[in-house]
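What follows is one structure encoded as structure tokens, with my remarks underneath.
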């Protein structure tokens, strides 16, 4: 056979093999987006990054975020929803994290606690705050669902505390409702909580207001006292009398007290303009809360909660707002579809390339800017290319002779 015929056959084999990359039957792009014949119900989201610095997993851990208001967000932050899903369609979410809006300034900022189901050891985890829903959403903020124990005395309820009455007054620390007491008030727990933070707020109206706990034997033990008469905060170590650690001005103040698996170790006074922290050494258990007065007057209590705590607390960072591509798809499963011409750049399909969730299933050929075919088809193509090269090589050798 004339060498020219061999040359033509070889070049033709290489050509058709390279052209196969652009054949629609060889290529499909994966759309990692879920749809349901309509646009997704959320249009925006904010990524939230949480790092667990401990060498063990943390479960159902409450993380605080100070979220700034964004355009198209509800002024009261009521449309926020939290999940680890990357989908803007809430019907695809397997998790909808519980959260509690502790405080907010309308159209400005909100302090929000989110209970995250699982934080792997020494790992960054990304969750999302979705907002700008196509419908009208009511807030799902719930302290009871977010914390281990919770009481904010809203809706004219004492939240399980005995001995006090709910008062509506604009001088409350967080909201318009708080608990007023002229005697002892208390609440028992079902568990002896360990590795926790015990938080609350108080405004003294009499001589002294005592924050006590019930130990594992249900005996009352003092933890902390504020004294309006002496303008001081006091702490109590095991078996000891009260020790002054900061001043008290008579305004609404809050506290955080941490207990590890064997003792109460830290007490923080959260005052009007500054926080003051002191060490503690109190080994009593934690089966309940008891508030009482030293003199026949009144004290006021608000925003009581118990949350998980570790000395190395996870840290949360807030990313920049993102917008949905709001594409419409034909079914509710992860959709694979063939794209006309199959052109791809940097492993992304060029056609409808409006998000980073679209990629060639088997990668991209940077020479032809087309998607690679499935592996078995790739083997056939490689064989054809090899045969073409061998044919051309044989012709070249014969020509040199």
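The values are calculated or read from the model by the stated rules, or taken from the named source; none is laboratory data. Keep in mind that this is a model prediction, so the values were computed, not measured. Every residue, glycine as well, gets a Cβ built from its backbone with ideal geometry; the counts of neighbours run over all protein chains shown.
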*Out of 56, 130, 31, which single residue is surrounded by fewer than 21 Cβ atoms within 10 Å (Cβ to Cβ) and either out of contact with any strand residue (DSSP E or B) (no Cβ under 8 Å at 6 or more places or on another chain) or at pLDDT 95 or above (or both)?*
56
*Out of all the residues in segment 195-219, which are in contact with a strand residue (DSSP E or B) (Cβ under 6 Å, 6 or more places away or on another chain), modelled with pLDDT of 80 or more and not in a strand (DSSP E or B)?*
215
*Test set (1) more than 23 Å from residue 133 (Cα to Cα); (2) modelled with pLDDT under 50; (3) surrounded by 16 or more Cβ atoms within 10 Å (Cβ to Cβ) - residue 25 fails condition number*: (3)
*Matching entry among 96, 91 (being in the same structural domain as residue 65 (by TED's automatic domain parsing), outside any strand (DSSP E or B) and in contact with a helix residue (DSSP H, G or I) (Cβ under 9 Å, 6 or more places away or on another chain))*: 96
*Might you check whether a residue that is closer than 20 Å to residue 73 by Cα, in a loop (DSSP other than H, G, I, E, B) and in contact (Cβ under 8 Å) with a residue 24 or more places away in the chain occurs anywhere in segment 125-135?*
yes
*Search result, residues across segment 136-168 that are assigned to a strand (DSSP E or B) and buried (at least 20 other Cβ atoms within 10 Å of the Cβ)*: 149, 151
_Against the condition under 15 Å from residue 316 (Cα atoms), modelled with pLDDT of 95 or more and either touching a strand residue (DSSP E or B) at 6+ places or on another chain (Cβ under 8 Å) or crowded, with 18+ Cβ neighbours inside 10 Å (or both), how does residue 83 come out, does it pass?_
yes
*How many residues are in contact with a strand residue (DSSP E or B) (Cβ under 9 Å, 6 or more places away or on another chain) and free of Cβ contacts under 8 Å to residues at least 40 places away in the same chain when one looks only at segment 240-261?*
8
*Members of segment 247-273 that are crowded, with 21+ Cβ neighbours inside 10 Å and assigned to a loop (DSSP other than H, G, I, E, B)*: 248
*If you scan segment 274-288, which residues turn out to be outside any strand (DSSP E or B) and either out of contact with any strand residue (DSSP E or B) (no Cβ under 9 Å at 6 or more places or on another chain) or free of Cβ contacts under 8 Å to residues at least 60 places away in the same chain (or both)?*
274, 283
